[in-house]
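Report on the structure given below.
The values are calculated or read from the model by the stated rules, or taken from the named source; none is laboratory data. All values derive from a computational prediction rather than experimental measurement. Note that each Cβ is placed from the backbone with ideal geometry, even for glycine, and that neighbours are counted across all protein chains shown.
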Amino acid sequence: MTLAVTDQTQQEADRYVHSVYEAVIARNPHEKEFHQAVKEILDSLVPVFARHPRFRESGILERIVEPERVITFRVPWVDDQGTVQVNRGFRVQFNSALGPYKGGIRFHPSVNASIVKFLGFEQIFKNALTGQPIGGGKGGSDFDPKGKSDQEIMRFTQSFMTELFKYIGPDSDVPAGDIGVGAREIGYMFGQYKRIRSSHEAGVLTGKGLGYGGSLARKEATGYGCVYFVGEMLKARGLGFEGKTVVVSGSGNVSIYAMEKARELGAKVVACSDSGGYIYDPNGIDVEAVKQLKEVEYKRISEYVKRHPGSTYTEGCTGIWSIPCDIALPCATQNEIDADAARTLVANGVIAVGEGANMPSTLEAIEVFLEGDVLFGPAKAANAGGVAVSALEMAQNGMRLSWSFEEVDAKLHVIMRNIYESSMRAAEEHGHPGNLLVGANIAGFLRVADAMLVQGIV
Ligand code: GLU
């Protein structure tokens, strides 16, 4: 059902939403990734503000774009040569309307206030879409794990937690992994937290190892969830993964399990990448080999071609989008698909794009997809499976029990289907039928806004 709103109300809502966006730019100059994430959401919310004056009256929008707290700290550590190194640590506690702050930690040289804020802002709405009781937050450091020894990783990570522990807890803020932070780093962080607190609080971090409170299927959840979500989009057009050619960027946790599930559903995955370049294997990517390289040996993806005759390696990342495919799953990093790459994908006949990474398509690229009638699964919906299973990990920790892989995977599947359906419904109700970007933004926003509304001006 679409409620009619007058043109005048619509224009007024547009002016209002735009004025909030201008204030965000003025207050956070030079933070272009944060601006981009805010713009994407705010543009979708015009029909909401045209219809619900009460949100404006209680300043929901002005409050939601301002983090509840931003913590920046020094992370000193000593490298293997005995030299003192200093990095910068961040934790943005963005919104706690729905539950404890929840969101990953990223270790990458590009991490700065803008990156952490864009990720934290996205996380609010993504977490809301999962239907789980989790607020939004994000953290990280400009530390570059590439080429570091295991000892260096441990010393850095322990120093990072020695400061971070003051601000987190199972009922206040629950970090997890993101780029550069996997099972190994979570293990070191958990060990240091436990040592400082003298208390085994399993629910303080998610993505833990299975031996000390981790959840089965958490590692697979973001990638599997992304494929489940794209599966729903395809189903609506009477299609499926069977027999489709798929390109997946990245070769981390999200990419590996997206490839694994796509292949299980009968697709042929022909390419993946890392920050150095991409591999193309016309015989279908050997996912087990990528796992071995990335999860066990911590090697570059270029090694793959030495072990797989017939495959090729190309330096640089954007070229991966020139490989013809039916389904593209960007699972590497922000802004990895620009308008040109999007146009190439459309020209090559791509049917569906599912965003496994956070904000992998630029605003211009998204426009190209929508105009090209490509099925587009936006990040905060398509990649919500990881954090959804993190919330299930918190639930299991609270109850001190563990569910089977099948049980968690089945719950994940239901959550992804619900996200798809609630996004489709919100899009339809607000005058943008079929537009999952607008629908996901509105459905996530409404859940947070309703909770903020009843909690007073805080
Ligand atoms: N970093 C992941 C994300 O972007 C997972 C966060 C979590 O599990 O808390 O959603």
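Just a few scattered comments:
- Scan the stretch 360-372 for residues that are in contact with a Phe, Trp or Tyr (Cβ under 8 Å, 6 or more places away or on another chain) and over 21 Å from Met259 (Cβ atoms) and the total you get is 3.
- Among the residues listed as Gly147, Gly131, the single one being within 18 Å of Lys380 (Cα to Cα) and assigned to a loop (DSSP other than H, G, I, E, B): Gly131
- Selection count where residues are farther than 30 Å from Lys146 by Cα and out of contact with any Ser or Thr (no Cβ under 7 Å at 6 or more places or on another chain), scope the stretch 70-110: 5
- Against the list (1) over 20 Å from the mean Cα position of the chain (by Cα); (2) away from the ligand (no atom under 16 Å from the Cβ), the condition Phe190 fails is (2).
- Within this structure, Glu66 passes the test of being modelled with pLDDT of 95 or more and not in a helix (DSSP H, G or I).
- Thr206 vs. criteria crowded, with 16+ Cβ neighbours inside 10 Å, within 12 Å of the ligand (Cβ to nearest atom) and assigned to a loop (DSSP other than H, G, I, E, B): yes
- Of all residues in the stretch 23-47, those that are over 15 Å from Leu436 (Cα atoms) have Cβ atoms under 7 Å from Cβ atoms of residues that are among the charged types (D, E, K, R), 6 or more apart or on another chain, in Glu31/Lys117; Phe34/Lys117; Ala37/Glu122; Val46/Asp14.
- Pairs are defined by a Cβ separation below 7 Å, a sequence spacing of at least 6 or placement on different chains, a first member in the stretch 125-138 that is more than 10 Å from the ligand (Cβ to nearest atom), and a second member that is assigned to a strand (DSSP E or B); the pairs so defined are Gly135/Asn95; Gly135/Tyr101; Gly135/Lys102.
- Among the residues making up the stretch 94-110, those that are more than 13 Å from the ligand (Cβ to nearest atom) and closer than 29 Å to Val458 by Cβ are Asn95, Ser96, Ala97, Leu98.
- Filtered by the rule that a residue be of a type outside the set (S, T, N, Q) and under 18 Å from Gln36 (Cα atoms), the stretch 357-375 gives Ala357, Met359, Pro360, Leu363, Glu364, Ala365, Ile366, Glu367, Val368, Phe369, Leu370.
- Against the test of being modelled with pLDDT of 95 or more, farther than 18 Å from Phe229 by Cα, within 16 Å of the ligand (Cβ to nearest atom) and out of contact with any strand residue (DSSP E or B) (no Cβ under 7 Å at 6 or more places or on another chain), the options Glu371, Glu393, Glu429, Glu364 yield a single qualifying residue, Glu393.
- Filtered by the rule that a residue be in contact with a Ser or Thr (Cβ under 7 Å, 6 or more places away or on another chain) and within 14 Å of the ligand (Cβ to nearest atom), the stretch 333-359 gives Glu355, Gly356, Ala357.
- Whichever residue in the stretch 150-176 is of a type in the set (A, V, I, L, M) and part of a helix (DSSP H, G or I) and, among such residues, is surrounded by the fewest Cβ atoms within 10 Å (Cβ to Cβ): Met154
- If you check Asn383, Asn435 for being out of contact with any His (no Cβ under 7 Å at 6 or more places or on another chain), within 16 Å of the ligand (Cβ to nearest atom) and either closer than 23 Å to Leu345 by Cβ or among the aromatic types (Phe, Trp, Tyr) (or both), only one passes: Asn383.
- Residue selected from the stretch 210-242 under the condition over 18 Å from Ser402 (Cβ atoms) and of a type in the set (A, V, I, L, M), by the criterion surrounded by the most Cβ atoms within 10 Å (Cβ to Cβ): Val230
- Any hit, the stretch 72-83, residues being closer than 30 Å to Leu370 by Cα and not in a helix (DSSP H, G or I): no
- Residue count for the stretch 314-337, restricted to those that are surrounded by 19 or more Cβ atoms within 10 Å (Cβ to Cβ) and either without any contact (Cβ under 8 Å) to a residue 40 or more places away in the chain or of a type in the set (Lys, Arg) (or both): 1
- Residue satisfying all of: in the stretch 116-149; surrounded by fewer than 24 Cβ atoms within 10 Å (Cβ to Cβ) and either touching an Asp or Glu at 6+ places or on another chain (Cβ under 6 Å) or not charged (D, E, K, R) (or both); nearest to Asp80 (Cα to Cα) among these: Ser149
- Among residues of the stretch 161-170, those that are more than 16 Å from the ligand (Cβ to nearest atom) and either in contact (Cβ under 8 Å) with a residue 60 or more places away in the chain or under 20 Å from the mean Cα position of the chain (by Cα) (or both), counted: 1
- The stretch 197-206, residues that are out of contact with any Ser or Thr (no Cβ under 7 Å at 6 or more places or on another chain) and in contact (Cβ under 8 Å) with a residue 24 or more places away in the chain: Arg197, Glu201, Ala202, Gly203, Val204, Leu205
- Top-ranked residue in the stretch 1-59 [being surrounded by 14 or more Cβ atoms within 10 Å (Cβ to Cβ) and part of a loop (DSSP other than H, G, I, E, B); ranked as nearest to the chain's Cα centre (by Cα)]: Glu31
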